[in-house]
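Down below is the structure, laid out as structure tokens.
The values are calculated or read from the model by the stated rules, or taken from the named source; none is laboratory data. In this text the structure is predicted, and so the values were computed from the model without any measurement. Virtual Cβ from ideal backbone geometry, glycine too; neighbours counted across all protein chains shown.
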Amino acid sequence: METPRHWRLKKQRYALVGEECPHCKAKIFPPRDVCPECGLEAKTVYHFSGKGEVYSYTSLTDAPAGFQASAPYAIALVKLEEGPIVTAQLTDIGNEPVKIGMPVEMVTRKLRDDGDERGMIIYGYKFRPVLS
Amino acid sequence: MAITASDEPVVIGTGIVPVREAWETSLRDLGSHVVRAALKDASNPKVDALYVGNAYGNVLSHQANLGALISEHSGLCGVESHTVEAAGASGAGAFRAACIAVQSGWVDVAIALGVEKFTEVPGSEAESAAALTLNYEYESSQGMTLQAQAALLAQRYLAHWNLSRDIFEGVVIAAYNHAADNPNAMFHGMDEKRYRNQPIIADPLGLYDTAFLADGAAAAVIVRKSTAQALGVASPIFVRGSANAVAPLSLHDRHDLLSWDAVRKSTLAALHKAHLSLADIDWLELWDASVIELVLSLESGGLLEAGKGWQSPPKPVNQSGGCLGRGNPVGASGMYQLVESVNRLQNEDAGRNALIQAVGGCGATAITHILSN
């Protein structure tokens, strides 16, 4: 597994750090060089709240290598309240049926390990139903 | 150098093998087999270039630089050759590269090859490899797969249009039944009972709603119209239009999940290049790595209205059975579509103009060709 690559993504994975476009004020996640809304340069750091709702979802039984320990799992497109959509697993859902529009919030969880290669574990964001 | 009508690319020979789980053969042998078959079909012209469409050889066969590997094994040492990769559109990308090469005048005789050897590793490794065409940092690292992407599209589609998963039944059964007449297809027919008893793999999609990933290869020999005349080819098939358009790779980066911009732009650009409109097209081969991908291609390509892509299209679509019925050798599938369409157009009763479109990565890259007899 590529240590520098996952280390480089820590601000996004652990804290949903994206960008706000200085020109059109669009909120951007994941961060990138060019604003997808106005096409101008985007660099200003923006911290997302981690609140959002399920935009679409499914549940997987055939997991890829590294994810079998979590299978079956629910994976979703989550629309953040600031606008962008992110791809993430849903967690802590118990027996509650997942629905489009369901309010969710970001939590930090183990995403995968590298088998027994070097003992590296990747943590990152998942989303759980909002605790009321 | 001005490009004239006599520079138009034409297909003068094809080679194809049935899609299957080809455990007894390698990526190299599959590829060279159809290259040699296509050359023989074209009466063995002297080859200048071989463009190889392949998606997963780097990972599943631990093999890069397929251009040098396959041309040497096909007896074509010394030609120009390299790989074209665009996920499921890789084969169509190789075909387009060959058309651009001959039409430019820099190459006289080009071969476009699509080849995929998918069944080399166990299931979970293959699932990981298949996910290679997703965004690694923000999709596959979250546990996303190709099937899950299709399921997310389907789930959103059904919710948006207030429909149930029953709408997919007719689309999938039609694909499998079309494949009954295709000698290159893995599957030959499907009935309602079998479809309804399928296990759900990624809610709302079941086992038969996503095309089986398999092995295969198909190739075509492409020259300029003037070269075909000089070679004495009686009835070449003309490549009237060709276009490639992309959309954001990740589903989460699309402005509208259910409108496929790449498909729309690529369709319009290829028709424009051919000086044709959709009304002039007699039949189409569209992308159906999963049922929802065909539904969205029909809508974004302009054949059916938004929300109605699951209904019966106004023109024949995927008479080959598509990826669903044929099986999906990903990087080769675009060449299967093209080679089968070329062969069908040899029969003039089959109609005049066909639109062929392959899509890589769940709506990300759409490559369209217009073929005419």
- Query: Of everything in region A:22-66 that's in contact with a Leu (Cβ under 9 Å, 6 or more places away or on another chain) and of a type in the set (A, V, I, L, M), which residue is farthest from the other protein chains (Cβ to nearest Cβ)?
  - Reply: A:VAL34
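Taking the stated definitions as given, is B:LEU146 in contact with a Cys (Cβ under 8 Å, 6 or more places away or on another chain), more than 9 Å from chain A (Cβ to nearest Cβ) and within 21 Å of B:VAL295 (Cα to Cα)?
The answer is yes for B:LEU146.
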- Task: Scan region B:48-60 residue by residue and report those that are under 16 Å from B:VAL107 (Cα atoms) and surrounded by 24 or more Cβ atoms within 10 Å (Cβ to Cβ).
- Result: B:LEU50, B:TYR51, B:VAL52
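For (1) touching a helix residue (DSSP H, G or I) at 6+ places or on another chain (Cβ under 9 Å); (2) under 22 Å from B:ASN318 (Cα atoms); (3) assigned to a strand (DSSP E or B); (4) among the polar types (S, T, N, Q), each residue gets a yes or a no:
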position	(1), (2), (3), (4)
B:SER164	yes, no, no, yes
B:PHE168	yes, yes, no, no
B:VAL171	yes, yes, no, no
B:LYS193	no, no, no, no
B:THR227	yes, no, no, yes
- Does B:ASP253 satisfy the criteria of being within 14 Å of another protein chain (Cβ to nearest Cβ) and either touching a residue at least 40 places away in the same chain (Cβ under 8 Å) or buried (at least 17 other Cβ atoms within 10 Å of the Cβ) (or both)? yes
- Message: Every residue in region A:71-112 that is within 25 Å of B:GLY206 (Cβ to Cβ) and facing another protein chain (nearest Cβ under 7 Å), please.
- Response: A:TYR73, A:ILE75, A:LEU77, A:THR87, A:ALA88, A:GLN89, A:ILE100
- Going by the conditions given, is B:SER90 surrounded by fewer than 24 Cβ atoms within 10 Å (Cβ to Cβ) and modelled with pLDDT of 95 or more? no
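Conditions tested, residue by residue: (1) assigned to a loop (DSSP other than H, G, I, E, B); (2) surrounded by fewer than 24 Cβ atoms within 10 Å (Cβ to Cβ).
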{"site": "B:LEU113", "(1), (2)": "no, no"}
{"site": "B:PHE118", "(1), (2)": "yes, no"}
{"site": "B:LEU132", "(1), (2)": "no, yes"}
{"site": "B:ASN135", "(1), (2)": "yes, yes"}
{"site": "B:TYR138", "(1), (2)": "yes, yes"}
{"site": "B:SER141", "(1), (2)": "no, yes"}
{"site": "B:MET144", "(1), (2)": "yes, no"}
{"site": "B:ALA159", "(1), (2)": "no, yes"}
- Close pairs (8 angstrom Cβ cut-off, 6 or more residues apart or separate chains): in contact (Cβ under 8 Å) with a residue 12 or more places away in the chain in region B:183-196, hydrophobic (A, V, I, L, M, F, W, C) and part of a loop (DSSP other than H, G, I, E, B) anywhere: B:ASN184/B:VAL17; B:ASN184/B:VAL19; B:ALA185/B:VAL19; B:MET186/B:VAL19; B:MET186/B:PHE212; B:MET186/B:ALA214; B:PHE187/B:PHE212
- Residue selected from region A:99-129 under the condition over 18 Å from A:VAL17 (Cα atoms) and modelled with pLDDT of 95 or more, by the criterion surrounded by the most Cβ atoms within 10 Å (Cβ to Cβ): A:MET102
- Query: If B:GLU125 satisfies every condition in (1) within 23 Å of B:SER26 (Cβ to Cβ); (2) surrounded by 22 or more Cβ atoms within 10 Å (Cβ to Cβ); (3) facing chain A (nearest Cβ under 9 Å) but one, which is the exception?
  - Reply: (2)
- Task: Look at B:ALA101 and say whether it is over 28 Å from B:ALA211 (Cα atoms) and either part of a helix (DSSP H, G or I) or among the charged types (D, E, K, R) (or both).
- Result: yes
- Message: Can you tell me which condition B:LEU304 does not meet? The list is (1) touching a residue at least 12 places away in the same chain (Cβ under 8 Å); (2) crowded, with 19+ Cβ neighbours inside 10 Å, and all the others hold.
- Response: (1)
- Considering residues of region B:61-87 that are free of Cβ contacts under 8 Å to residues at least 24 places away in the same chain and aliphatic (A, V, I, L, M) only, the residue surrounded by the fewest Cβ atoms within 10 Å (Cβ to Cβ): B:ALA64
- Note on the structure: Going through region B:93-108 in order, the residues found to be surrounded by 24 or more Cβ atoms within 10 Å (Cβ to Cβ) and β-branched (Val, Ile, Thr) are B:VAL102
- Message: Quick check on B:LEU163: is it of a type outside the set (Val, Ile, Thr) and crowded, with 18+ Cβ neighbours inside 10 Å?
- Response: no
